[in-house]
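A.B. asks: Dropping the structure in here first, questions after.
The numbers here are math on the coordinates, done by the rules we state, and not lab data. Quantities reported herein were computed from a predicted structural model and do not represent experimental measurements. Don't worry about glycine lacking a Cβ; one is built from the backbone with ideal geometry, like all the others, and counts go over all protein chains shown.
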Amino acid sequence: MNIRDKILIVEDERSISGFIKTVLVGNGYDVILAHSGAEAFSMVSSHCPDLVVLDLGLPDIDGMDIIEAIREWTQLPIIVVSARTLEKDKVEALDKGADDYITKPFSAAELLARVRVAIRHTRASGIMTGSQKYVSGDLTVDYDKHMVTIKGENCHLTQNEFKIVALLSRCAGKVLTYDFIMKELWGPQSRGSNQILRVNMANIRRKIEKNPADPKYIFTEVGVGYRMVEAE
């Protein structure tokens, strides 16, 4: 089974967040909810969503500040859904790094279209540029399907495991430091302890390596980080 795109909804009005969740879940997305800015920051770093749907009028932190903070470390797509209809608000949100801006009320069809476009554009730009697959020996990383296979068989990686492999494979041949990987996946506050990364890597190796103690695809540069073998 393919990994489904995960979307974080940041909205303090539970009726609206419930409506958005119903629409997204009904169309094949995994959804997590945050009802404050503090929850949003925690979930962006801990759950690694593929997209954020963000209300600007949160009880603790203005949505504009959340956009700025997220943009300091990731290009994760952000769609603003707000009751603020003034042009200056739309311009400010887009200037701070939002990918799109939808005003309330909105239709389910419009929201879904904007989500599809934001995810598609992110995968077609930046670090996503180039081949949609990485192939080395029996290993294939399919970025579109969110799937890693060995000899065509799905390795059944978790969402975080897939993101680690995808990041390493896009930079194949280069050593990525522990801190760099942690920051890219879990945000700047995660730097320091590498334990969560090491646990994920041990699980990845059990799934993709014939002999995890003598890896063929992902190598440890002791004290520095990890390096993935170059693609064929």
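A.B. asks: Output the antiparallel fraction of DSSP beta bridges having both residues in the chain, as a percent to the nearest 5.
C.D. replies: Of all bridge pairs located within the chain, approximately 55 percent are antiparallel.
A.B. asks: GNM on the chain, C-alpha springs below 10 Å: top fluctuator among 114, 14, 71?
C.D. replies: Highest fluctuation of the listed residues: 14.
A.B. asks: Further, regarding this structure: Work out, step by step, the length gained on full extension between residue 198 and residue 221: first 0.36 nm times the residue separation, then minus their alpha carbon distance; give nm to one decimal.
C.D. replies: 7.0 nm
A.B. asks: Which of rounded, prolate, oblate describes the range 6-126, given a ≥ b ≥ c as roots of the alpha-carbon gyration tensor eigenvalues and a/c under 1.5 marking rounded, otherwise prolate only if a/b is larger than b/c?
C.D. replies: rounded
A.B. asks: Which peptide among 161-173, 28-40 comes first, and what is the full order, when sorted by highest mean count of other Cβ atoms within 10 Å?
C.D. replies: Going by the mean number of other Cβ atoms within 10 Å, highest first, we get 161-173, 28-40.
A.B. asks: Starting from 0.36 nm per residue, how many nanometres of slack lie between residue 60 and residue 112 once their C-alpha separation is accounted for?
C.D. replies: Computed gain between residue 60 and residue 112 is 16.0 nm.
A.B. asks: State whether the chain is rounded, prolate or oblate according to the following rule on the C-alpha gyration tensor (a ≥ b ≥ c being the square roots of its eigenvalues): a/c under 1.5 gives rounded; otherwise a/b larger than b/c gives prolate, and the remaining case gives oblate.
C.D. replies: Since a/c reaches 1.5 and a/b is larger than b/c, the shape of the chain is classed as prolate.
A.B. asks: Helix 195-208 sits at what angle to the longest principal axis of the chain, using alpha carbons and giving 0 to 90 degrees rounded to 10?
C.D. replies: Orientation of helix 195-208: about 60 degrees from the principal axis.
A.B. asks: Cross-link candidates for residue 151: which lysines have Cα within less than 23 Å, leaving aside residues fewer than 8 places away along the same chain?
C.D. replies: The reachable lysines, counting only those whose Cα sits under 23 Å from residue 151, are 133, 163, 207, 210, 216.
A.B. asks: GNM, the chain, Cα, under 10 Å: largest mean-square fluctuation among 58, 176, 86?
C.D. replies: 86
A.B. asks: Given axes a ≥ b ≥ c from the Cα gyration tensor, I'd like to know whether the range 15-66 is rounded (a/c under 1.5), prolate (a/b larger than b/c) or oblate.
C.D. replies: oblate
A.B. asks: Using the Karplus curve 6.51 cos²θ - 1.76 cosθ + 1.60 with θ = phi - 60°, work out ³J(HN,Hα) for each residue of the range 21-32 in order, rounded to whole Hz, and write x for Gly and Pro.
C.D. replies: 4, 4, 5, 6, 4, x, 10, x, 9, 8, 10, 10
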